[in-house]
1. Taking the highest mean first, how do the peptides 347-358, 249-260 order by number of other beta carbon atoms within 10 angstrom per residue?
2. Can you compute 3J(HN,Hα) from phi for each residue in the stretch 78-91, using the Karplus curve 6.51 cos²θ - 1.76 cosθ + 1.60 with θ = phi - 60°, rounded to whole Hz and x for Gly and Pro?
3. Give me the percent relative contact order of the stretch 1-130, please, defined on Cα pairs under 8 angstrom at least 6 residues apart.
4. Using the Cα atoms as the points, what is the convex hull volume per residue of the chain in Å³?
5. For a distance above 20 Å, tell me the whole-number percent of Cα pairs in the stretch 1-100 that qualify.
6. Starting with the highest mean, order 235-248, 117-130 by the number of other Cβ atoms within 10 Å, averaged over the residues of each peptide.
7. What is the P(r) of the stretch 347-400, as percent of Cα-Cα pairs per 5 Å bin from 0?
8. Cα-based Rg of the stretch 155-304 per 2.2 N^0.38 Å, rounded to two decimals?
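FYI, it's all coordinate maths here, none of it is from the lab. Since the structure is predicted, the reported quantities are computational estimates derived from the model, not experimental observations. Methodologically, a virtual Cβ is constructed for each residue, glycine included, from the backbone with ideal geometry; neighbour enumeration extends over all protein chains shown.
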Amino acid sequence: MTTRIVILGGGFAGVTTAQELVRQLRRDGRLVRPGRSAPDRLNDASPRARDGVSVTLLNRDNYFVFQPLLADVISGAIETTHVVLPLRRMLRDVEVEVGYVEAIDLAAREIRVQRRQSGQEFSVGFDALVLALGGITDLGTVPGMAEHAIAVRTLGDAFYLRNRALAMLEEAATEPDPDRRRHLQTFVVVGGGSTGVEIAAELEDLLRTAGRTFPGLPPSEVVLVHAGEYVVPAFGDRLGRYATRKLRAAGVRIVLGRRIAGVAEDRVRLDDGTEIPTATVVSTVGNAPHPLLRDLPGAKDARGWIQPDATFAVPALDRVWALGDCASIPDERTGRPMPATAQHAVREGPHAARNILAVLDRRAPRPFDYGQLGMLVSLGRYRGVGEIFGIKVSGFVAWFMWRSYYLLRLPSLERRVRVAVDWTLELFLAHDVTEINMRRSRTRPGETPGEQPGEPVSAGARTEAGEELVV
């Protein structure tokens with residue numbers, strides 16, 4: 001008999017859980033590889049050598065995204081494909097299924113999944129379930145944010161923002177009205193945490209580099225709006241104020257002590273009534289529980305996030321564990337939920353895997369306890385701030401440590417080499433400023449979702465209005 005462990009989510013938490021499960025099961029000779037019905041061998045000397053165990057991971061994409069480097073994709077410091085890795089290459093002994101998770105049926109012990117291309121639905125049964133779906137962006141807290149703002153959570157988001165920034169420069173270059181041109185060249189980033197700061201810095205770098213190719217075009221402006229007294233408040237007063245100064249010195253206009261009260265197509269309104277005309281708003285604030293987990297039974301915190309115990313098990317749910325960004329994991333050191341960072345997720349995953357196997361083998365799981373080693377944030381080229389083992393660092397040293405840490409954390413040697421080459425070339429060559437349009441040749445009008453009026457139809461294509469797809 002084979003026990004099936006199913007992991008939902010292919011981010012840091014889900015992938016590291018799968019990797020540790022495979023490592024432990026392979027060591028004990030209990031791993032059932034994809035396409036097989038039994039382990040290669042059973043280590044009869046091991047008291048845990050009972051049934052074979054298979055591991056399945058469900059994800060909407062067939063790749064893993066190294067999210068800490070998404071901001072570098074925006075500026076062009078890193079090639080887009082260098083921050084993604086194929087899941088099947090990372091998890092060779094894991095059955096990887098790609099599709100949209102439609103429902104979790106705890107009673108039937110199965111997951112209902114929809115395939116991305118055909119829309120066909122299928123079910124995946126489980127004996128043990130790991131919830132590592134992450135959260136979603138909540139743009140509903142500010143009027144107009146959902147309709148007009150851009151979130152930067154996925155690789156597609158980063159790629160879209162890069163393309164949009166370059167497209168705005170192209171439009172501004174031929175705009176005769178100076179007020180309209182200034183509007184097109186103003187980019188507002190909402191949120192002064194580490195993500196907002198890194199995006200603002202890389203976006204400013206992209207616009208400054210690309211602006212040199214437009215003779216006579218005035219400089220673009222990146223505006224960072226933050227409700228606090230200084231950016232990256234998690235770093236404390238001294239480093240936060242240092243980051244604020246350095247970000248301003250890099251050319252980013254910072255508006256402190258203000259919140260966004262509303263977003264329109266051509267401007268944002270602050271809580272003091274002032275307005276900033278802009279064509280592009282980037283939101284890095286607002287997280288919400290994944291919709292699949294919002295209605296799932298089990299313990300929840302006051303914000304509605306699923307709340308496992310310190311072993312990652314979800315109380316009142318049989319053989320269900322939750323970790324990573326989708327869970328509110330109690331931190332006994334602080335009494336608050338653990339930060340939703342990659343640093344925590346890559347340590348939660350292996351610990352959760354060992355606890356899952358312990359429960360399956362009727363052994364006691366161990367509570368998770370991890371003290372954060374430090375935090376680092378990039379402020380653009382050669383600038384950064386951070387705190388490592390209680391020691392505050394800033395400037396070039398922090399920037400170099402930031403790059404070194406994430407280079408070493410990349411999951412494969414191949415990607416480390418590629419990113420290292422990208423960063424080395426960046427020292428001598430200008431960032432690439434090419435806008436990559438993703439439209440394709442059409443066979444009939446309206447075939448491609450999101451296409452713009454005036455895009456050409458292929459010669460000989462069908463043009464009957466009755467066959468036009470409405471998206």
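1. 347-358, 249-260
2. Karplus values, whole Hz, x for Gly and Pro: 10, 5, 4, 6, 7, 9, 10, 9, x, 5, 5, 7, 6, 10.
3. Answer for the stretch 1-130 is 28 percent.
4. 185 Å³
5. Looking at the stretch 1-100, the distances longer than 20 Å represent 44 percent of pairs.
6. Result, highest mean first: 235-248, 117-130.
7. Values per bin, smallest distances first: 5, 19, 16, 11, 9, 10, 10, 9, 7, 4, 1.
8. 1.17
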